[in-house]
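Right, one structure below, let's go through it.
The values are calculated or read from the model by the stated rules, or taken from the named source; none is laboratory data. As the structure is a prediction and not an experimental result, all values here were calculated from the model. Cβ: placed from backbone, ideal geometry, glycine included. Neighbour counts: every protein chain shown. All accessible areas refer to the heavy atoms of the entire protein, side chains included, with ligands and DNA or RNA removed. Shrake-Rupley method; radii C 1.70, N 1.55, O 1.52, S 1.80 Å.
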Amino acid sequence: MPVLDASGCIVAPGLVNAHMHSGENFNPGLYENLPLDLWFVRLHQVTRDRPPEADEIHVRTALGALLMLRSGTTCAADFVFEAPEITLEPLEPIVQAYRDLGIRATVILGVADRSFLASLPLEPAERAEAPPEASVPSASRILEVAEAAVDRWREPAGLTGIAHRHRARPVGTAAL
(Lines give C-alpha, C1' and ligand atoms only; values in the text may rest on other atoms or scores of the structure.)
Protein backbone atom coordinates (compact mmCIF):
# COMPACT_ATOMS: atom_id res chain seq x y z
CA MET A 1 0.00 0.00 0.00
CA PRO A 2 1.44 3.41 -0.92
CA VAL A 3 2.26 5.87 1.86
CA LEU A 4 1.54 9.55 1.30
CA ASP A 5 3.42 12.27 3.14
CA ALA A 6 0.68 14.54 4.52
CA SER A 7 3.02 16.61 6.69
CA GLY A 8 1.62 20.10 7.09
CA CYS A 9 -1.75 19.05 5.66
CA ILE A 10 -5.16 18.64 7.14
CA VAL A 11 -6.52 15.17 6.47
CA ALA A 12 -10.27 14.69 6.79
CA PRO A 13 -12.77 12.20 5.44
CA GLY A 14 -14.77 13.22 2.41
CA LEU A 15 -18.30 14.51 2.86
CA VAL A 16 -21.34 12.63 1.55
CA ASN A 17 -24.15 14.26 -0.41
CA ALA A 18 -26.92 11.80 0.41
CA HIS A 19 -29.57 13.29 -1.90
CA MET A 20 -28.92 15.27 -5.05
CA HIS A 21 -30.22 15.54 -8.61
CA SER A 22 -27.59 15.87 -11.35
CA GLY A 23 -30.39 16.70 -13.79
CA GLU A 24 -30.80 20.03 -12.02
CA ASN A 25 -27.18 21.19 -12.06
CA PHE A 26 -27.89 23.88 -14.70
CA ASN A 27 -30.96 25.22 -12.84
CA PRO A 28 -29.67 27.49 -10.03
CA GLY A 29 -30.78 31.07 -10.51
CA LEU A 30 -33.25 30.45 -13.32
CA TYR A 31 -36.39 30.92 -11.23
CA GLU A 32 -36.07 32.36 -7.74
CA ASN A 33 -38.58 32.18 -4.90
CA LEU A 34 -41.14 29.95 -6.57
CA PRO A 35 -43.21 27.45 -4.60
CA LEU A 36 -42.06 23.92 -5.38
CA ASP A 37 -45.13 23.02 -7.45
CA LEU A 38 -44.74 26.05 -9.73
CA TRP A 39 -41.00 25.47 -9.98
CA PHE A 40 -41.66 21.91 -11.17
CA VAL A 41 -44.10 23.06 -13.85
CA ARG A 42 -41.87 25.90 -15.11
CA LEU A 43 -38.45 24.36 -14.84
CA HIS A 44 -38.48 20.67 -14.17
CA GLN A 45 -38.29 18.10 -16.91
CA VAL A 46 -41.84 16.78 -16.50
CA THR A 47 -42.89 18.36 -19.78
CA ARG A 48 -39.95 17.06 -21.87
CA ASP A 49 -40.73 14.64 -24.66
CA ARG A 50 -37.09 13.48 -24.93
CA PRO A 51 -34.01 13.68 -22.73
CA PRO A 52 -31.18 16.11 -23.46
CA GLU A 53 -28.26 15.03 -25.63
CA ALA A 54 -25.64 12.78 -24.03
CA ASP A 55 -22.98 15.54 -24.06
CA GLU A 56 -25.27 17.90 -22.13
CA ILE A 57 -26.08 15.20 -19.58
CA HIS A 58 -22.36 14.44 -19.14
CA VAL A 59 -21.44 18.13 -18.70
CA ARG A 60 -24.24 18.87 -16.20
CA THR A 61 -23.30 15.77 -14.16
CA ALA A 62 -19.59 16.61 -14.27
CA LEU A 63 -20.35 20.20 -13.21
CA GLY A 64 -22.17 19.00 -10.11
CA ALA A 65 -19.45 16.46 -9.34
CA LEU A 66 -16.73 19.12 -9.63
CA LEU A 67 -18.64 21.47 -7.32
CA MET A 68 -19.02 18.67 -4.79
CA LEU A 69 -15.33 17.73 -4.98
CA ARG A 70 -14.39 21.40 -4.58
CA SER A 71 -16.31 21.51 -1.30
CA GLY A 72 -14.84 18.25 0.02
CA THR A 73 -17.73 16.00 -0.99
CA THR A 74 -16.37 12.74 -2.36
CA CYS A 75 -19.51 10.59 -2.39
CA ALA A 76 -23.03 11.23 -3.69
CA ALA A 77 -26.40 9.60 -4.10
CA ASP A 78 -27.75 10.98 -7.38
CA PHE A 79 -31.53 10.64 -7.67
CA VAL A 80 -32.02 10.75 -11.46
CA PHE A 81 -35.30 11.47 -13.20
CA GLU A 82 -35.19 11.87 -16.95
CA ALA A 83 -38.41 12.57 -18.87
CA PRO A 84 -40.16 11.16 -20.69
CA GLU A 85 -38.85 8.03 -18.94
CA ILE A 86 -35.60 6.72 -17.54
CA THR A 87 -33.67 4.58 -20.05
CA LEU A 88 -30.09 3.35 -20.39
CA GLU A 89 -29.18 6.10 -22.89
CA PRO A 90 -29.28 9.06 -20.45
CA LEU A 91 -27.79 6.93 -17.66
CA GLU A 92 -24.61 6.22 -19.66
CA PRO A 93 -23.24 9.80 -19.59
CA ILE A 94 -24.18 10.18 -15.91
CA VAL A 95 -22.25 7.09 -14.87
CA GLN A 96 -19.37 8.06 -17.17
CA ALA A 97 -19.10 11.58 -15.73
CA TYR A 98 -18.76 10.24 -12.19
CA ARG A 99 -16.19 7.68 -13.33
CA ASP A 100 -14.25 10.33 -15.28
CA LEU A 101 -13.93 12.45 -12.12
CA GLY A 102 -13.31 9.57 -9.72
CA ILE A 103 -16.14 10.48 -7.37
CA ARG A 104 -17.99 7.71 -5.54
CA ALA A 105 -21.63 7.85 -6.67
CA THR A 106 -24.72 5.74 -6.49
CA VAL A 107 -27.22 6.52 -9.24
CA ILE A 108 -30.81 6.04 -8.12
CA LEU A 109 -33.45 5.65 -10.81
CA GLY A 110 -36.31 8.07 -10.28
CA VAL A 111 -39.64 6.67 -11.36
CA ALA A 112 -43.26 7.65 -10.82
CA ASP A 113 -46.51 5.73 -10.89
CA ARG A 114 -48.51 8.76 -12.00
CA SER A 115 -47.85 12.03 -13.78
CA PHE A 116 -46.69 15.10 -11.92
CA LEU A 117 -49.86 17.02 -12.72
CA ALA A 118 -51.98 14.17 -11.38
CA SER A 119 -50.23 14.65 -8.03
CA LEU A 120 -51.28 18.30 -7.73
CA PRO A 121 -54.58 19.54 -6.28
CA LEU A 122 -55.53 21.49 -9.42
CA GLU A 123 -58.92 22.64 -10.60
CA PRO A 124 -59.87 21.37 -14.09
CA ALA A 125 -59.20 24.81 -15.62
CA GLU A 126 -55.74 24.96 -14.04
CA ARG A 127 -54.94 21.45 -15.25
CA ALA A 128 -56.02 22.41 -18.79
CA GLU A 129 -53.56 25.34 -18.78
CA ALA A 130 -50.58 23.17 -17.81
CA PRO A 131 -48.14 21.97 -20.47
CA PRO A 132 -48.58 18.38 -21.62
CA GLU A 133 -46.59 15.64 -19.88
CA ALA A 134 -45.14 12.39 -21.09
CA SER A 135 -47.02 9.23 -20.20
CA VAL A 136 -45.87 7.33 -17.14
CA PRO A 137 -44.03 4.10 -18.10
CA SER A 138 -45.48 0.78 -17.01
CA ALA A 139 -44.14 -1.02 -13.95
CA SER A 140 -42.79 -3.80 -16.18
CA ARG A 141 -40.91 -1.24 -18.31
CA ILE A 142 -39.43 0.39 -15.20
CA LEU A 143 -38.26 -2.99 -13.88
CA GLU A 144 -36.80 -3.92 -17.27
CA VAL A 145 -34.70 -0.74 -17.39
CA ALA A 146 -33.66 -1.03 -13.72
CA GLU A 147 -32.49 -4.62 -14.15
CA ALA A 148 -30.58 -3.73 -17.33
CA ALA A 149 -28.92 -0.76 -15.58
CA VAL A 150 -27.84 -2.86 -12.60
CA ASP A 151 -26.52 -5.58 -14.93
CA ARG A 152 -24.56 -3.02 -16.94
CA TRP A 153 -23.11 -0.76 -14.25
CA ARG A 154 -23.10 -2.71 -10.99
CA GLU A 155 -19.54 -2.93 -9.68
CA PRO A 156 -19.60 -4.05 -6.04
CA ALA A 157 -16.03 -2.82 -5.47
CA GLY A 158 -16.25 0.11 -7.89
CA LEU A 159 -16.76 3.81 -7.27
CA THR A 160 -19.92 4.28 -9.31
CA GLY A 161 -22.97 2.09 -9.57
CA ILE A 162 -26.72 1.81 -9.81
CA ALA A 163 -28.79 1.54 -6.65
CA HIS A 164 -30.49 -1.80 -6.33
CA ARG A 165 -32.34 -3.80 -3.74
CA HIS A 166 -30.44 -6.60 -2.11
CA ARG A 167 -32.52 -9.74 -1.99
CA ALA A 168 -32.72 -11.59 1.29
CA ARG A 169 -31.03 -14.98 1.27
CA PRO A 170 -31.30 -17.91 3.64
CA VAL A 171 -28.85 -17.92 6.54
CA GLY A 172 -25.66 -19.77 5.67
CA THR A 173 -25.74 -19.12 1.91
CA ALA A 174 -23.12 -17.10 0.09
CA ALA A 175 -23.76 -13.69 -1.45
CA LEU A 176 -23.47 -13.41 -5.22
Separation between Cα centres of region 1-20 and region 52-96, rounded to whole Å:
23 Å
Helix axis angle, 54-70 relative to the chain longest principal axis, alpha carbon, degrees:
50 degrees
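Would you please give the FRET efficiency between Ser71 and Arg154, computed as 1/(1 + (r/R0)^6) with r the Cβ-Cβ distance and R0 = 30 Å, to the nearest 0.05? Write out the running numbers ahead of the final one.
On the way: r = 28 Å, r/R0 = 0.93.
Taking R0 as 30 Å, the efficiency between Ser71 and Arg154 is 0.60.
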Which value in deg cm²/dmol, rounded to the nearest 500, describes the helix-derived mean residue ellipticity at 222 nm for the chain, given -39,500 (n - 2.57) per DSSP H run of n ≥ 4 and division by the residue count?
-10500 deg cm²/dmol
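Test of the criteria: in region 1-94, which GluC sites (Glu not before Pro) are in a DSSP loop and have at most 10 other Cβ atoms within 10 angstrom of their Cβ?
On the way: sites: Glu24, Glu32, Glu53, Glu56, Glu82, Glu85; in loops: Glu32, Glu53, Glu82, Glu85.
Passing both the DSSP loop test and the Cβ count: Glu32.
Where the accessible area of the chain is counted over protein heavy atoms with a 1.4 Å probe, how much of it, in %, is carbon and sulfur?
Details: 6700 of 11670 Å².
The C+S portion of the solvent-accessible surface of the chain is 57 percent.
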With an 8 Å cut-off on Cα pairs and a minimum separation of 6 or more residues, tell me the relative contact order of the chain in percent.
24 percent
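So, R0 is 22 Å and r is the distance between the beta-carbons of Ala18 and Arg114; what FRET efficiency does that work out to, to 0.05?
Details: r = 26 Å, r/R0 = 1.18.
Efficiency at R0 = 22 Å is approximately 0.25.
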With a 1.4 Å probe and all protein chains left in place, how much accessible area per residue does region 1-156 have, in Å²?
63 Å²
Where does helix 139-153 land angle-wise versus the long Cα axis of the chain, in degrees 0 to 90, nearest 10?
20 degrees
Scan (1) 66, 47, 29; (2) 96, 27, 26; (3) 48, 40, 30 for the value of Cα extents along the principal axes in Å calculated from this model and give just the label.
(1)
